[in-house]
Amino acid sequence: MSEDARGRPEDEERGPGGVHHTFVVMEELLEKLKTLDYEHEVLLKHNMKALSRHYFVSNPHVASNPGEQFFLFTVIASWLITVAGRPFPAPREDDEPYATVSNILAELRAFGVKVDFPPTKLKAGSGEQVCLVLDRLAEQALRKRGFTFRRPNYPAEAAEDESVMEDHAELALGKVEEDMVSRTNHSEVDLSSKPEGVLESRVDPAEWGLEVERVLPQLKVTIHTDSKDWRIHLDQMHQHRDGITASLKETKVLLDRLQEDLGKSLEKVNSREKYINTQLEHLTQEYRAAQAKLSQARELYQQASGGVTEKTRQLAEVSEELEEVKQGMEEKGSSMSDGAPMVKIKQSLTKLRQEVVQMDVRIGMVEHTLLQAKLREKNNMTRDMHASTLPEPALQPYV
């Protein structure tokens, strides 16, 4: 199947089962990844759990985690591109999403796969486009490793030996015949060995009659017919054959009549079809011309879609850069117009003035205490000086 035929189908060409197409692609992708041994080469390396059958399917009934799914999608895609023969660096969580997706689509185009959807379709990490991209990359990786899918070879079944089942009915009949023969032989032996005289019975006739009535049900020989008896099957086969033969005669007449009616109707349909074809020849030519124009328009649309996709990618990159510049300008403007630093400075000055006043009060108290200490010390020194000065003796005149 070519890449175009297996690409993304249009909505009007999908049919009733188009809604479940993504589930089928995801299951095939998982089988291809297992063939490539992605458990050891990807999951163990990044410490991730195994994928479920519908991991990358975007559906309300399937649990989703966009961040985890997008990262795992980029990791698997980069690994598949590397396995396919084109070295591709493993993505990191802090990489630009649009740049990573654009690089993956560029590698996919390099393999000759047509891409008719914008990169934004892969940003969610799940959906039809994600499954298709991974499926195409897995096919390229399998082709690089020389793996091809082949038809399974079924072993030839040995013919079973027909086992001959034991016919219980024949055994039962054989036993009955043997019993009858043995009884006959036994009676002949008894007759040959009977005495010449007349035997007289000493048994009461009434008791004999009662004993006969008691054992009479046990003396009856009942032959049970088995449903597996070949004689019964043979009789049934003869009956079915006779019934089929009788029904075939009546059915054959009806079938012949129906065949004639169908032949006449078919001839009428053919004649009407030829008439309609001759009458609508010009409309058929116009329709064919319209189909050719439609195919040309679709080709032009696909070519234009490729240019639009590239421009959309560039627009997304420019928009992302513009958003970053706007965010930086908003942060600088908010920091310049914000009066919070002035309020903090004023509060700090007020607090500093209060601390200066408190410090002045403490200095005054210390100076006052120091002055009192000096005065006290001066008084003590004065008192000591007066105490140490002795009084001089009075001069008395000589007599």
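The values are calculated or read from the model by the stated rules, or taken from the named source; none is laboratory data. Here the structure is a predicted model, which is why all the values come from computation and not from measurement. All Cβ positions, even for glycine, are placed from backbone atoms using ideal geometry, and neighbour counts span all protein chains on display.
Number of residues in the range 42-76 that are hydrophobic (A, V, I, L, M, F, W, C), under 10 Å from the mean Cα position of the chain (by Cα) and modelled with pLDDT of 80 or more equals 3. Take the conditions closer than 30 Å to Leu122 by Cβ and touching a residue at least 60 places away in the same chain (Cβ under 8 Å) and apply them to Ser305. Does it pass? Criteria met by Ser305.
There is no residue in the range 58-67 that is on the phi < 0 side of the Ramachandran plot and surrounded by 20 or more Cβ atoms within 10 Å (Cβ to Cβ). Is there a residue being touching a Pro at 6+ places or on another chain (Cβ under 8 Å) and part of a helix (DSSP H, G or I) anywhere in the range 107-128? No: the range 107-128 contains no residue that is touching a Pro at 6+ places or on another chain (Cβ under 8 Å) and part of a helix (DSSP H, G or I). Counting the residues of the range 51-106 that are among the aromatic types (Phe, Trp, Tyr) and assigned to a helix (DSSP H, G or I) gives 5. Considering only residues that are touching a Ser or Thr at 6+ places or on another chain (Cβ under 6 Å) and aromatic (Phe, Trp, Tyr), which ones fall in the range 52-110? Phe56, Phe88 - these are the residues of the range 52-110 that are touching a Ser or Thr at 6+ places or on another chain (Cβ under 6 Å) and aromatic (Phe, Trp, Tyr). The condition of being loosely packed, with under 10 Cβ neighbours inside 10 Å and not in a loop (DSSP other than H, G, I, E, B) holds for only one of Gln218, Gln285, that being Gln218. Number of residues in the range 77-101 that are touching a residue at least 40 places away in the same chain (Cβ under 8 Å) and within 26 Å of the chain's Cα centre (by Cα): the value is 7.
So that you can scan it fast, the table gives a plain yes or no per residue for (1) in contact with a Phe, Trp or Tyr (Cβ under 8 Å, 6 or more places away or on another chain); (2) within 18 Å of Glu27 (Cα to Cα):
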position	(1), (2)
Ala110	no, no
Val113	no, no
Phe117	no, no
Val130	yes, yes
Arg136	yes, yes
Ala141	no, yes
Arg151	no, no
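Considering the range 304-327, the residues that are of a type in the set (S, T, N, Q) and within 34 Å of the chain's Cα centre (by Cα) include one that is surrounded by the fewest Cβ atoms within 10 Å (Cβ to Cβ), namely Gln314.
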